[in-house]
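Encoded as structure tokens, the structure appears first; notes follow it.
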Amino acid sequence: MLPLRSARWRLGPSSQEALSCARCLGQSRSHLPSTTRNFWSSSHRRMGVAANQGNSVFNKTYYFSANRLYDATGLKGGFISSFISTTSEPSSSSPRNPNIPSDVPNEIVNTSQSESSNSTVAEDIHNELPHRRRKRLKTLAAQETQAAEPVIPLDASAQLSKLSSSLPQTSIRRKLAAYLALTKPRLSFLIVLTTTSAYGMYPISSLLALDPSIAPLPTLSTSTLTFIYLTVGTFLSCCSANTINMMLEPKYDALMSRTRNRPLVRGLVSRRGALLFALGTAVAGLGLLYLGTNPTVTALSAANIVLYGFVYTPLKRISVINTWIGAIVGGIPPLMGWVAAAGQTATTGHDTWRDMLLSEDSIGGWLLAGILFAWQFPHFNALSHLIRDEYKAAGYRMLCWVNPARNARVALRYSVLMFPISIGLWWVGVVGQGFLVGSTVANGWLVREAYRFWQHQGAQGSARGLFWASIWQLPILLVGGLVTKKGLWDGLWRKIFGQPEEDDDEYLYYDDEEEAELLRKEAATASSKQNGLLTTT
């Protein structure tokens, strides 16, 4: 190592000042106490200053390496130096500046070059024109938004499969979790919710509403046992349909991050076991519906299993019409609940499927089915947009990637359709005026998010906003319909405040009794007259 005065290049002003200061420190060291001198000596070694008795000389490698490429021991190859040498090692193609002396280490040259390049970039950004700066920031913001687009979390089936795989193979909980994953619990729960909500919104019998001693409840006009049969039978039927869906597409589920952990994909359940499970739940579910409700409800449930398992599932890889078939599948459960309530109401006299599905009293059930049919499009179109690349890679024909513009238009169109359907429920007398207020707020929120989704084509978080709006809008409509059901609070209001019933209804009720009494008297008189004639003869 050559001393500083024999170097081939000269020091700058700052280096000369540092050198003079170091010399002053070296000269004044002899006047300090021993402990202080030892401290300064160790400090000089760390700073790269040679502790000579005479003139202190800088080690140019130590002095000019501002990043301390050498550790405190003064030996090359320390932790920091090894890290920088592996990360900032120059490529063989980058030439060395000929103006830099050959005895200057490459580490110092590379550090200087990187600092100079960073300073150049910073200077360019500082001198950049305002319109170019705005354009650059806008591009960066769009890239960050696209990169931060949320990933849809694992569905309930994938989460249960993960739980099942973590349990011992001989555990009963492992098998139960795996078979429960076949049912798609969240989807099955949603279908049961829509079915029972329609069951509870069926109009209360007029005789029960006139009785001031009875406080009507959402399912007062129907049997509690029928409600239990309907709930359990619908859930088991959903389990069968969802299991069939998984059986027909395990190799395609393996291509998507949300479904690759499903039980059939991971081998937690065999295909034979899944087939037996699907058959068992179908037989049990349809049997309970037939025994506890009526044959029409059973037929609707069986049609839903066939549509979802054997029509919608294979159609997903053929045509985008699969979304409309799936919407029909989602609209049938509310109709099932309505028909189940109609079959248990003694005052209606319904006894055939035409009376239950095509009569004037069935309009409310079709309107509830229309709400679920229209709801499928903003919900699924927003969801599919977030994972459109996975749908495309798996070969599913979805509007989100086949025709993104139409995907947004369809979501907006069916969101607007929620308004007339909700008004129709009030018009036919299923719900009261309070439902108009709640449904208008919920539907307005959905339409607003659907408009943003169409305006931005799913960008800027509009797809996520529409998805969450649909998640909350449907429960608001269903619960609001139950709470504002027409006639629900009339009997309770009369019971609390003791108000008398309306005169018209009272007279109408007793007129029927008087007419029946007159008919009985006329029949008795006619019979006595006939007996008198026979005696005279």
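No lab work stands behind these numbers, since they all come straight from the coordinates. Because the structure is predicted, anything quoted here is derived from the model rather than measured. FYI the Cβ positions are ideal-geometry reconstructions off the backbone, even for glycines, and counts take in every protein chain you see.
With a Förster radius of 51 Å, plug the Cβ-Cβ distance of Ala254 and Thr352 into 1/(1 + (r/R0)^6) and report the FRET value to the nearest 0.05. Mind dumping the intermediate values first?
On the way: r = 47 Å, r/R0 = 0.92.
That gives a FRET efficiency of 0.60.
Arrange Ser197, Ser165, Ser270, Ser240 by Cβ neighbour counts within 10 Å, fewest through most, would you?
Details: Ser197 23, Ser165 16, Ser270 11, Ser240 27.
The fewest-first ordering by Cβ neighbours comes to Ser270, Ser165, Ser197, Ser240.
Between Leu137 and Trp468, what is the FRET efficiency for a Förster distance of 30 Å, r being their Cβ-Cβ separation, to the nearest 0.05? Mind showing how you got there, number by number?
Values: r = 28 Å, r/R0 = 0.94.
It comes to 0.60.
Rounded to the nearest 20 debye, what is the charge dipole size of the range 270-371 about its Cα centre when +1 sits on each Lys and Arg Cβ and -1 on each Asp and Glu Cβ?
Details: 5 positive and 4 negative charges, 146 e Å.
Dipole size: approximately 700 debye.
How large is log10 I(q)/I(0) at q = 0.14, 0.20, 0.21, 0.22 Å⁻¹ when the Debye formula is applied to the Cα atoms of the range 252-376, each weighted equally and without solvent?
-0.76, -1.18, -1.23, -1.27
Restricting attention to the alpha-carbon atoms of the range 360-488, what are Rg (one decimal) and Dmax (integer), both in Å?
Calculated on Cα positions, Rg and Dmax stand at 15.8, 52 Å.
Grab the beta carbon distance between Gln455 and Gln433, set R0 = 22 Å, and tell me the FRET efficiency rounded to 0.05.
Numbers: r = 33 Å, r/R0 = 1.50.
According to the calculation, E is roughly 0.10.
At q = 0.19 Å⁻¹, what log₁₀ I(q)/I(0) does a Debye calculation on the Cα points of the range 156-358 give, no solvent, two decimals?
The Debye formula, applied to the Cα set alone, gives -1.25.
Find which of Ala327, Ser165, Gly273 sits farthest along the positive direction of the dipole of the range 156-358, computed with +1 on the beta-carbon of Lys and Arg, -1 on that of Asp and Glu, about the Cα centre.
About the Cα centre, the residue reaching furthest to the positive side is Ser165.
Run the quick spin-label model on Arg272 and Val441: label points 7 Å from Cα toward the beta carbon, then report their separation in nm to one decimal.
Result: 5.7 nm between the two label points.
Expressed in nm to one decimal, what extension gain is obtained for the pair Ser171 and Asn127 from 0.36 nm per residue of sequence separation less their Cα-Cα distance? Can you show the working numbers first?
Working: separation 44, 0.36 × 44 = 15.84 nm, distance 6.80 nm.
Net length gain for the segment: 9.0 nm.
Can you compute the modelled spin-label distance between Phe419 and Ser319, with each label point 7 Å from Cα toward Cβ, in nm?
For Phe419 paired with Ser319, the spin-label model returns 3.2 nm.
Testing the spin-label approximation: label points 7 Å from Cα along Cα→Cβ at Lys392 and Val306. State their distance in nm.
Taking the two extended label points, one gets 3.7 nm.
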